[in-house]
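Structure first, then comments.
What follows is calculated from the coordinates using simple rules that are stated; it is not laboratory data. Quick caveat: nothing in here was measured; it's all calculated off a predicted structure. No Cβ is skipped: glycine too gets one built from the backbone with ideal geometry, and neighbour counts run over all protein chains shown.
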Amino acid sequence: MIGTPWSDRSVVVTGGTRGIGRGIAELFARRGAAVLLTGRDEAVARAVAAELVRATGGRVDGVGVDLRTPASVETMAAEAERRHGHIDVLCANAGIFPERPLREMTAADIDEVLAVNLRGSILSVRACLPAMERAGRGRVVLTSSITGPTTGYTGWSHYGASKAGQLGFLRGAALELAPLGITVNAVLPGNVRTEGLDALGEDYLRRMAASIPLGRLGETTDVAHAVAFLASDEAAFITGQTLTVDGGQTVPESLDALALPLVPAAVSG
Ligand SMILES: NC(=O)c1ccc[n+]([C@@H]2O[C@H](COP(=O)([O-])OP(=O)(O)OC[C@H]3O[C@@H](n4cnc5c(N)ncnc54)[C@H](OP(=O)(O)O)[C@@H]3O)[C@@H](O)[C@H]2O)c1
């Protein structure tokens, strides 16, 4: 068969109330999948789901889930199964990125970032596993980042550790779940225009856009399409892998490299 029968698919998106997660939820809804999105506040999650239903004409529900609480994460999987009967795709996307210079970083700061970004991802996969196991197939797509796995950024060392940690988890999980027909992959976004990124200020956004070869910040749809590919039937033979979605940001070895003309004048003339 060519093409994934999305209308048969049940998709869970953590952190779907805003930003990249909302973009992922919207794309799957447009394709006809049944989507369950999460955010910490149940009312907000439901309101966003209702907005997406109006925008897409699709099937979207929202539930309140705090990834820091294991019991809450278990509820997410139970709700997805109760509403949709099965779970085919988990997009473990929710994450936080508070800036904290190392000198000022407290143990609580570290715990918070690791609890949401790393432990929360692992708990989400564990919670959805029984449903995928029963189905004999499944797709897990983690939202990691270029920060940590590929690059570093002053003020975000704990965040980078959490995002690199997701990839260590991914590789072990991919091996463990392969015999069950479940693939585990990750997208590594660069700088994507979201509410979370906007909070870093106009100056940051301007400087960041200038360092991206394709000349713009990412859109949530750029990441959503990469996630949808890794979640599709067409990606059945891909597991334990990462897909960078950064407009080429991690390619130049220096700012000079970025400033060079793409085609030498002698050739272009
Ligand atoms: N934006 C970028 O440029 C960029 C780049 C690389 C990687 N990423 C990664 O992409 C993911 C999404 O980022 P974003 O920019 O879209 O962020 P965002 O706009 O700040 O949205 C974050 C989402 O995570 C949810 N969330 C936060 N804390 C949570 C918790 N304790 N339990 C459950 N959900 C929680 C939020 O829901 P509520 O607030 O409703 O609870 C929200 O839906 C993150 O993993 C981030 O690390 C982003």
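Taking the Cα atoms of the chain, report the difference between the largest and smallest coordinate on each principal axis, in whole Å and largest first.
Projected onto the principal axes, the Cα atoms of the chain cover 61, 49, 39 Å.
From the helices alone, meaning DSSP H stretches of at least four residues, give me the mean residue ellipticity at 222 nm for the chain, per-run term -39500 (n - 2.57), in deg cm²/dmol to the nearest 500. It would help to have the intermediate numbers written out before the result.
Numbers: 11 runs with 120 residues, N = 269.
That comes out to -13500 deg cm²/dmol.
Multiply the residue separation of I238 and A55 by 0.36 nm, subtract the distance between their alpha-carbon atoms, and state the gained length in nm to one decimal.
Between I238 and A55, full extension yields 62.7 nm more.
Along the positive direction of the dipole of the range 6-245 (beta-carbon charges: Lys, Arg +1; Asp, Glu -1; about the Cα centre), which of S162, I24, A228 reaches farthest?
A228
Restricting to Cα pairs below 8 Å that are 6+ residues apart, what does the relative contact order work out to for the range 6-245? Please round to a whole percent. Walk me through the intermediate numbers first.
Details: 486 pairs, mean separation 46.4, N = 240.
The value is 19 percent.
Treating the angle as unsigned and between 0 and 90°, give the value, to the nearest 10°, between the Cα long axis of helix 70-84 and the longest Cα principal axis of the chain.
Rounded to the nearest ten degrees, it is 70.
What FRET efficiency do you get for R103 and S7 if R0 is 45 Å and r is their Cβ-Cβ distance, rounded to the nearest 0.05? The partial results should precede the final answer.
Values: r = 52 Å, r/R0 = 1.17.
For R103 and S7, the calculated efficiency is 0.30.
Just to confirm my numbers, what's the Cα centroid distance between the range 62-110 and the range 126-156 in Å?
11
Considering the Cα trace of the range 34-81, what is its radius of gyration and what is Dmax, both in angstroms?
Rg, Dmax (Cα atoms, Å): 10.7, 32.
Pop the C-beta distance of A78 and D198 into the FRET formula with R0 = 35 Å and round what comes out to the nearest 0.05. All intermediate terms of the calculation are to be shown ahead of the outcome.
Values: r = 34 Å, r/R0 = 0.96.
For A78 and D198, the calculated efficiency is 0.55.
Please rank F169, F229, F237, fewest neighbouring Cβ atoms within 10 Å first, as an exposure proxy.
Details: F169 19, F229 16, F237 6.
By the 10 Å Cβ count, ascending: F237, F229, F169.
Across the range 99-224, how large is the tail of the calculated P(r) beyond 19 Å, expressed as a percent of all Cα pairs?
Working: 4411 of 7875 pairs.
Counting every Cα pair in the range 99-224, those more than 19 Å apart make up 56 percent.
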